[in-house]
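> Structure below; questions to follow.
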Amino acid sequence: MRFSLSTAYLPLEELPALAMAADRLGYHALAMPDHVVDLEELETPYPYTLDGSRRWPAGTPWPDPWVLTGALAAITTRLRFFSSVYVVALRNPFQVAKSVSTAAALSGGRVALGVGIGWCREEFDLLGQDFRTRASRTDDALALLEELWRPGVRSFAGRHYLAPPLTVEPSPPTRVPVYVGGLSEAAFRRAARHDGWVGDLFTVDEAAAHARRLAELREEQGADGDFSVITALTDAFLPEQFVEAHERGVTDVMTMPWAYYHGLDAGLEQKLDGLERFAADVLEPVGRAIASGK
């Protein structure tokens, strides 16, 4: 099982120190959420809370994931970076291809693209993108990105996007894995066609049920190879609970480790202390248990 540090809602100035500590302590990746803007007033309900309200306060920073990757890759050596999740359908996919491939090249291939179709109609309207076609445009864009990231001259003809013979350089030094977020059956099917799924906040039982469904869909599709099930766990605290989640299909956990020791409102020194303590209390024993098969 791998553990990734969620950067959601964190002060921008804390991220370099947290990234360097995570790199040193053996965390797998930074999980970076995405919004272009955060509108003051919305009619669209947020889909991941019971009352539709947003989880974050006004003024929360939303740094661009690929700019952030370029900066933090320069001060780390092994830490990976993935978006959790990036709304491709808000953007021109050729610009997405350029941004992600540049971040991949600068980081030495330590990048994965986590995508979602998006939920905020007003953000789509503001950026001049069609909210109604976001799912089909996401599928088309992902096929286009796979083509554009291959070295040499490439072309593409899809339902929404066309590419004459062209190159996008720098190309990624290794293939960029694609993870898909979302809770609908359509999102699960989309994830099963790619390299992994990015979830939200779930109990171990809920996450295991999602992992089972994803495995069923991959079997139906005849998919093989590595597949990541990435989520945050709300009821796992002890090493044995994380090991159980691993045994039930969860491959990666997104976490804010300081919350276990100092709460979510911890300052930077408390965050760094929490990273150290969680690495000793959880990462190391979980790694040993999984390696030994216990």
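The values are calculated or read from the model by the stated rules, or taken from the named source; none is laboratory data. Just so it is clear, the structure is predicted and the values come from calculations on it, not from any experiment. Quick reminder, even Gly has a Cβ in these numbers, built from the backbone with ideal geometry, and neighbours come from all protein chains shown.
> Please pick out the residue among 115, 96, 100, 87 that is closer than 21 Å to residue 177 by Cβ, surrounded by 16 or more Cβ atoms within 10 Å (Cβ to Cβ) and in contact with a Cys (Cβ under 9 Å, 6 or more places away or on another chain). It would help to see each step written out before you state the result.
Details: 115 fails: in contact with a Cys (Cβ under 9 Å, 6 or more places away or on another chain); 96 fails: in contact with a Cys (Cβ under 9 Å, 6 or more places away or on another chain); 100 fails: in contact with a Cys (Cβ under 9 Å, 6 or more places away or on another chain).
The unique qualifying residue is 87.
> Select from region 239-249 the residues that are surrounded by fewer than 17 Cβ atoms within 10 Å (Cβ to Cβ) and touching a residue at least 12 places away in the same chain (Cβ under 8 Å) and write down the one among them that is farthest from residue 21 (Cα to Cα).
Among those that are surrounded by fewer than 17 Cβ atoms within 10 Å (Cβ to Cβ) and touching a residue at least 12 places away in the same chain (Cβ under 8 Å), it is 248.
> Can you find, within region 1-38, the residue that is modelled with the highest pLDDT among those that are of a type in the set (Asp, Glu) and either crowded, with 16+ Cβ neighbours inside 10 Å or part of a loop (DSSP other than H, G, I, E, B) (or both)? It would help to see each step written out before you state the result.
Quick first cut of region 1-38, residues of a type in the set (Asp, Glu) only: 13-14, 23, 34, 38.
Add one more test, that the residue is either crowded, with 16+ Cβ neighbours inside 10 Å or part of a loop (DSSP other than H, G, I, E, B) (or both), and what stays is 23, 34, 38.
On the way: 23: 98, 34: 95, 38: 95.
Result: 23.
> Follow-up. Please tell me if residue 50 is at pLDDT 95 or above and either touching a Cys at 6+ places or on another chain (Cβ under 9 Å) or within 28 Å of residue 250 (Cβ to Cβ) (or both).
no
> Which members of region 98-117 meet the condition of being assigned to a loop (DSSP other than H, G, I, E, B) and within 16 Å of the chain's Cα centre (by Cα)?
Once the filter is applied, which keeps residues that are assigned to a loop (DSSP other than H, G, I, E, B) and within 16 Å of the chain's Cα centre (by Cα), region 98-117 yields 109, 110, 116, 117.
> Within region 250-259, is even one residue free of Cβ contacts under 8 Å to residues at least 60 places away in the same chain and touching a Lys or Arg at 6+ places or on another chain (Cβ under 8 Å)?
yes
> Name the pairs: first residue in region 265-283 and under 15 Å from residue 20 (Cα atoms), second residue crowded, with 19+ Cβ neighbours inside 10 Å and of a type in the set (Ser, Thr, Tyr), Cβ to Cβ under 8 Å, at least 6 apart or on different chains?
275/27; 279/27
> Then there is this: Which of the numbered conditions does residue 59 fail, given that it passes all the others? Conditions: (1) without any contact (Cβ under 8 Å) to a residue 40 or more places away in the chain; (2) under 30 Å from residue 143 (Cβ atoms).
(2)
> Further question: Since residue 63 meets every condition but one in (1) under 20 Å from residue 175 (Cα atoms); (2) of a type outside the set (D, E, K, R); (3) at pLDDT 95 or above, which condition does it not meet?
The one condition residue 63 does not meet is (1).
> Shifting gears a bit: Failed condition for residue 120, given (1) of a type outside the set (D, E, K, R); (2) under 25 Å from residue 72 (Cα atoms); (3) within 19 Å of the chain's Cα centre (by Cα), with all others met?
(2)
> Would you be able to say whether some residue in region 127-148 is outside any strand (DSSP E or B), at pLDDT below 95, out of contact with any helix residue (DSSP H, G or I) (no Cβ under 9 Å at 6 or more places or on another chain) and farther than 21 Å from residue 230 by Cβ?
Taking every residue of region 127-148 in turn, none turns out to be outside any strand (DSSP E or B), at pLDDT below 95, out of contact with any helix residue (DSSP H, G or I) (no Cβ under 9 Å at 6 or more places or on another chain) and farther than 21 Å from residue 230 by Cβ.
> A further question on this structure: In region 200-229, what residues are in contact with a Ser or Thr (Cβ under 7 Å, 6 or more places away or on another chain), surrounded by 16 or more Cβ atoms within 10 Å (Cβ to Cβ) and either β-branched (Val, Ile, Thr) or part of a helix (DSSP H, G or I) (or both)?
Within region 200-229, 207, 229 qualify.
> Please work out which residue is surrounded by the most Cβ atoms within 10 Å (Cβ to Cβ), limiting yourself to region 267-294 and to residues that are charged (D, E, K, R) and at pLDDT 95 or above.
271
> Across region 120-146, what is the total count of residues that are within 19 Å of residue 180 (Cα to Cα), among the charged types (D, E, K, R) and either buried (at least 17 other Cβ atoms within 10 Å of the Cβ) or touching a Gly at 6+ places or on another chain (Cβ under 9 Å) (or both)?
Total meeting the criteria: 4.
> Answer yes or no as to whether residue 264 is surrounded by fewer than 15 Cβ atoms within 10 Å (Cβ to Cβ), closer than 24 Å to residue 15 by Cα and more than 17 Å from the chain's Cα centre (by Cα).
yes
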